[in-house]
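Below is one structure, written out as structure tokens, with a few remarks after it.
The values are calculated or read from the model by the stated rules, or taken from the named source; none is laboratory data. On a predicted model such as this, the values are computed, not experimentally measured, just so you know. Heads up, the Cβs are rebuilt from the backbone with ideal geometry, glycines too, and the neighbour counts pull from every protein chain shown.
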Amino acid sequence: MKARLLLLCSCLYASFTYGDTFYALGTNKETLGMGFSSEVNMPLSPCVTGDWIFQGGSQGELAFQQGMDSTTMMNSVSGSVRGSVNFVIFGGSAKFSMRKKTTENRNSIASTLMLNYNGGNYSLENRRITDEIASLIHTDPAAVVGRCGDSYIHSLTKGANLYVTAKLYFRDKTEYEWFQTKIKIRVLFFKKTITKTKEFSNAIKNAVYSVQVHTDGGLTPYLQSIGTSKYCRGTDISACTDYADQLFSYLLAGGNYASDLTPELLKPIKYTVEPYEKSGHMTLIPASANNMPADYLRISGRLRGYQDLVNDEIERLKAFIAVATEAEKPALEAEFALRQSESNALADAGEYCATLPGVYQCEQRVEQAIAQVH
């Protein structure tokens, strides 16, 4: 498998224009034949089955995005490709938290290289309603809409989106704001041979510099062997620049990354939904809308705000723990454990709400998780 590597100067995903295509969140529901609710933009339960037909693929694209903020990244990891749709973020907590690792946040700045590999497009053909849903239509038709929604996942793309992020973490907002105001350097991938100004060196002396790899596919054996992150004190970032050189030699032209992406490492990265009336499954067309979106959107928005707060702190603490002295570690690790517990509670609430248990039940679980955040 050879990839075409195209260096783009704008965000990779801006070019997609599919009407009903959604980015995958990495959940086990994002597969062909799953029912889908266009009201809350979420996969539901298996409703349609058939044959998986390969439609071709195998290409790669590389994009560089400097200073990508969390909102921009959110548009590339979840929601509709067309970008203007309100979407509910319940479930997919691992993908949701990944955006905080690859973007700027309250006390950090970042440069990110995105490598997108399309390993194949698949569609569902010779379709029929699953036996379980066919039985439910006769025994409890009112329950069908909650299981199947108004559409189903008709096609999907398997692949791997890989992000290489160079990031500077600052101890507090004062140092972060001073850097943003005074320092003109914004591309954070450095070569050893580049001479950094005294002003820049002073600005990052208390910071942590990192180079990290994140992917929504699997890690190749080589990436596993060299590790997925390197953290350095701002006073000496040479180990991190050496690590970045290793990565780019492997990922870019002349490297083996594309050929190492075996089929088992490829995951769904986006999928297209189709309404039941277009597919001819008339018994699955819901009689009427259930008017849930406004409440779920409000709850998910509140949940996202707290997840952002907690994940920002987790990323900052992780960076400083990586370079901490033995005397510094206990306090940092205690704070990290507390924040991780908060993150887990918020993620669990999101996974619970992804089952659409009812607005009241969902909101109660979310509020219980939020109450744990200090």
Margin query: Here is a list: LYS184, LYS158, LYS167. Which entry is surrounded by fewer than 20 Cβ atoms within 10 Å (Cβ to Cβ) and either part of a strand (DSSP E or B) or in the same structural domain as SER201 (by TED's automatic domain parsing) (or both)?
Written below: LYS184
Item checked: Residues (surrounded by fewer than 22 Cβ atoms within 10 Å (Cβ to Cβ) and within 19 Å of the chain's Cα centre (by Cα)) located in the range 271-285 -> THR272
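Go over the candidates GLU342, GLU328, GLU333 one by one and state the one that is in contact (Cβ under 8 Å) with a residue 12 or more places away in the chain, surrounded by fewer than 18 Cβ atoms within 10 Å (Cβ to Cβ) and of a type outside the set (A, V, I, L, M).
Values: GLU342 fails: surrounded by fewer than 18 Cβ atoms within 10 Å (Cβ to Cβ); GLU328 fails: in contact (Cβ under 8 Å) with a residue 12 or more places away in the chain.
Answer to the selection: GLU333.
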Item checked: Near pairs, Cβ below 8 angstrom, 6+ apart or cross-chain, from the range 354-374 (on the phi > 0 side of the Ramachandran plot) to any residue that is in a helix (DSSP H, G or I) -> LEU356/GLY146; LEU356/TYR296; LEU356/CYS362
Check: Do you know which residues across the range 287-296 are at pLDDT 75 or above and either surrounded by fewer than 15 Cβ atoms within 10 Å (Cβ to Cβ) or not assigned by TED's automatic domain parsing to the domain that holds ALA354 (or both)?
Finding: ALA294
Note to self: Just the residues that are buried (at least 16 other Cβ atoms within 10 Å of the Cβ) and either touching a Lys or Arg at 6+ places or on another chain (Cβ under 8 Å) or at pLDDT below 75 (or both), please, taken from the range 187-206.
What the structure shows: LEU188, PHE190, ALA203
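Any chance the range 124-132 includes a residue that's charged (D, E, K, R) and assigned to a loop (DSSP other than H, G, I, E, B)?
Kept after step one, since they are charged (D, E, K, R), are these residues of the range 124-132: 125, 127-128, 131-132.
So of that shortlist, the ones also assigned to a loop (DSSP other than H, G, I, E, B) come out as none.
So far as the range 124-132 goes, no, none of its residues is charged (D, E, K, R) and assigned to a loop (DSSP other than H, G, I, E, B).
Of all residues in the range 21-36, which are more than 21 Å from ASP348 (Cα to Cα) and not aromatic (Phe, Trp, Tyr)?
At the first step, the residues of the range 21-36 found to be more than 21 Å from ASP348 (Cα to Cα) are 21-23, 31-36.
Hits for the range 21-36 are THR21, THR31, LEU32, GLY33, MET34, GLY35.
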Next item on the list: Looking only at the range 30-52, count how many residues are of a type in the set (Phe, Trp, Tyr) and in a loop (DSSP other than H, G, I, E, B).
Entry: 0
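Scan the range 217-230 and tell me whether some residue there is among the aromatic types (Phe, Trp, Tyr), modelled with pLDDT of 90 or more, over 14 Å from SER111 (Cβ atoms) and surrounded by 19 or more Cβ atoms within 10 Å (Cβ to Cβ). Working first, answer last.
Taking the range 217-230 first, the residues among the aromatic types (Phe, Trp, Tyr) are 222.
Next, from what is left, pick out any that are modelled with pLDDT of 90 or more: 222.
From what's left, over 14 Å from SER111 (Cβ atoms): 222.
Next, only the ones that are surrounded by 19 or more Cβ atoms within 10 Å (Cβ to Cβ) stay: none.
Checked the range 217-230: no residue is among the aromatic types (Phe, Trp, Tyr), modelled with pLDDT of 90 or more, over 14 Å from SER111 (Cβ atoms) and surrounded by 19 or more Cβ atoms within 10 Å (Cβ to Cβ).
Going by the structure shown, is GLN372 in a helix (DSSP H, G or I) and farther than 21 Å from GLY26 by Cβ?
The answer is no for GLN372.
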